[in-house]
Amino acid sequence: MKLKELAAHLGLSQTTVSRALNGYPEVNEETRRRVLDAARRYDYRPNASARRLATGFAGAIGVVLLTDRNLLLDPHYVEFLAGLGERLAQHETDIVMTPVRSADEVTAYRRLAGGTRVDAVVLSSPTLADERIRVLSDLGLPFLLHGRTETDVPHAWLDIDNEGAFRHATKHLIDLGHRRIGLVNGDPRLTFARDRERGFREALLQAGLGCDERLIGTGALTDEIGFRITARLLSERPRPTALLVSSMMMSLGAFRAIRAAGLELGRDVSMIAHDDVFPFLNPDAMVPTMSTTRSSIRAAGVRCAELLGEVLAGRDPATIRELWPVELIVRASTGPAPSGA
């Protein structure tokens with residue numbers, strides 16, 4: 001079925017049908033629903049080239065891939081892209097990846113802004129004061145930030161409550177009697193890691209406990225880094241009786257370090273890890289099962305795609321500020337502090 005035939009069937013003009021299919025805000029919701037329902041029923045698929053000419057949109061979202069960070073081996077990044085692509089595919093929108101080294105990232109955004117390949121870009125892993133926000137705003141290239149940063153430039157963002165999650169998790173460990181709690185965290189230059197440390201410190205402060213700086217370790221969210229940091233923390237005397245870990249990948253290494261030290265997880269050392277909900281790493285299937293703070297990074301990717309669609313449909317980016325709560329799920333890896341600890 002062609003656009004002309006679909007419009008005739010609905011008794012609408014071709015312009016109205018085209019605008020409804022492409023998300024123009026001036027089309028009312030009832031009409032948009034009628035058009036979309038009919039398009040699905042008759043398996044109507046707009047010609048991509050014609051749509052670009054009619055709307056001025058490329059039908060693609062840009063992602064800058066930093067080749068020196070091996071992001072395609074990072075399960076957090078891959079899961080986020082999977083969610084993003086899942087929702088974009090429903091609107092026949094592509095993801096365009098631009099591979100560059102970190103030093104050339106801003107140059108890549110300038111190139112994307114000056115071309116016609118993408119309609120908008122998604123930013124991930126923001127630093128504390130991320131320069132990309134001002135650059136993209138000055139370039140006029142629509143974008144959405146997955147995470148948060150400190151800037152006075154209005155922009156669209158979606159984040160999870162990292163600070164609240166780790167404050168809650170730390171308080172839970174304190175309530176179990178733990179007084180020496182270690183933090184196995186991500187790169188401190190990234191906002192999520194700073195926020196998790198803030199929550200950790202705040203919970204200790206509220207409980208009247210000091211923060212032993214020797215019990216904080218940071219690094220990449222990998223099994224190996226999790227092992228190294230945890231092994232160091234467990235060598236301290238007195239050692240920590242509980243750990244907060246910033247990712248399930250790090251928790252695998254932390255678990256190995258606990259066993260290597262001849263300790264039992266859930267009895268000698270308690271642990272809570274952040275779970276991004278990887279399909280291949282289920283905390284309920286671990287032995288013992290892992291207590292977690294949980295928020296699906298794939299769901300965040302889906303929602304980022306939806307919000308970018310709203311930006312491209314004309315919504316003011318400054319009004320898009322979503323902060324998702326994080327669940328605390330208590331399982332067998334946490335228990336009371338050992339007697340005498």
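Looking at region 1-46, what helices (runs of 4 or more DSSP H) fall wholly within it and have at least 2 residues that are surrounded by fewer than 14 Cβ atoms within 10 Å (Cβ to Cβ)?
Numbers: elements: 3-10, 14-21, 29-41.
Of the helices (runs of 4 or more DSSP H) lying wholly inside region 1-46, those with at least 2 residues that are surrounded by fewer than 14 Cβ atoms within 10 Å (Cβ to Cβ) span 3-10, 29-41.
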Subset of region 106-126 [out of contact with any helix residue (DSSP H, G or I) (no Cβ under 7 Å at 6 or more places or on another chain) and open to solvent by 10 Å² or more (accessible area, probe 1.4 Å)]: 107, 111, 114, 115, 116, 117, 125
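What is the residue count in region 127-164 for residues that are over 21 Å from residue 300 (Cα atoms), open to solvent by 30 Å² or more (accessible area, probe 1.4 Å) and either β-branched (Val, Ile, Thr) or touching a residue at least 24 places away in the same chain (Cβ under 8 Å) (or both)?
So the first thing to find is which residues in region 127-164 are over 21 Å from residue 300 (Cα atoms), and the list is 129, 131, 134-141, 151-153.
Remaining after also requiring open to solvent by 30 Å² or more (accessible area, probe 1.4 Å): 129, 131, 134, 137-140, 151-152.
Next cut, either β-branched (Val, Ile, Thr) or touching a residue at least 24 places away in the same chain (Cβ under 8 Å) (or both) only: 131, 139-140, 151.
Qualifying residue count, region 127-164: 4.
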Test set (1) more than 19 Å from residue 154 (Cα to Cα); (2) buried (at least 16 other Cβ atoms within 10 Å of the Cβ); (3) touching a residue at least 40 places away in the same chain (Cβ under 8 Å) - residue 309 fails condition number: (1)
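For region 78-135, what are the residues that are among the aliphatic types (A, V, I, L, M), in a loop (DSSP other than H, G, I, E, B) and over 17 Å from the mean Cα position of the chain (by Cα)? Full working, then the answer.
First pass over region 78-135, keeping only residues among the aliphatic types (A, V, I, L, M): 78, 81-82, 84, 88-89, 95-97, 100, 103, 106, 108, 112-113, 118, 120-123, 128-129, 133, 135.
Then keep just the ones that are in a loop (DSSP other than H, G, I, E, B); that gives 118, 128-129.
Answer for region 78-135, where residues must be among the aliphatic types (A, V, I, L, M), in a loop (DSSP other than H, G, I, E, B) and over 17 Å from the mean Cα position of the chain (by Cα): 118, 129.
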Qualifying positions in region 312-341 - more than 30 Å from residue 237 (Cα to Cα), open to solvent by less than 70 Å² (accessible area, probe 1.4 Å) and in contact with a strand residue (DSSP E or B) (Cβ under 8 Å, 6 or more places away or on another chain): 312, 317, 318, 320, 322, 324, 326
Any chance residue 300 is farther than 22 Å from residue 192 by Cα and of a type in the set (A, V, I, L, M): no
Elements of type helices (runs of 4 or more DSSP H) contained in region 170-269, each with 1 or more residues being in contact (Cβ under 8 Å) with a residue 40 or more places away in the chain and open to solvent by 60 Å² or more (accessible area, probe 1.4 Å): none
Residue within region 294-314 that is at pLDDT below 95 and either at positive phi or in a strand (DSSP E or B) (or both) present: yes
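The values are calculated or read from the model by the stated rules, or taken from the named source; none is laboratory data. Treat the numbers as computed from the prediction; the structure is a model and nothing was measured. When we count neighbours, we look across all protein chains shown, and the Cβ atoms used for this are built from the backbone with ideal geometry, even at glycine. Side chains are part of the model used for accessible areas, which takes the heavy atoms of the whole protein and leaves out ligands, DNA and RNA. Shrake-Rupley method; radii C 1.70, N 1.55, O 1.52, S 1.80 Å.
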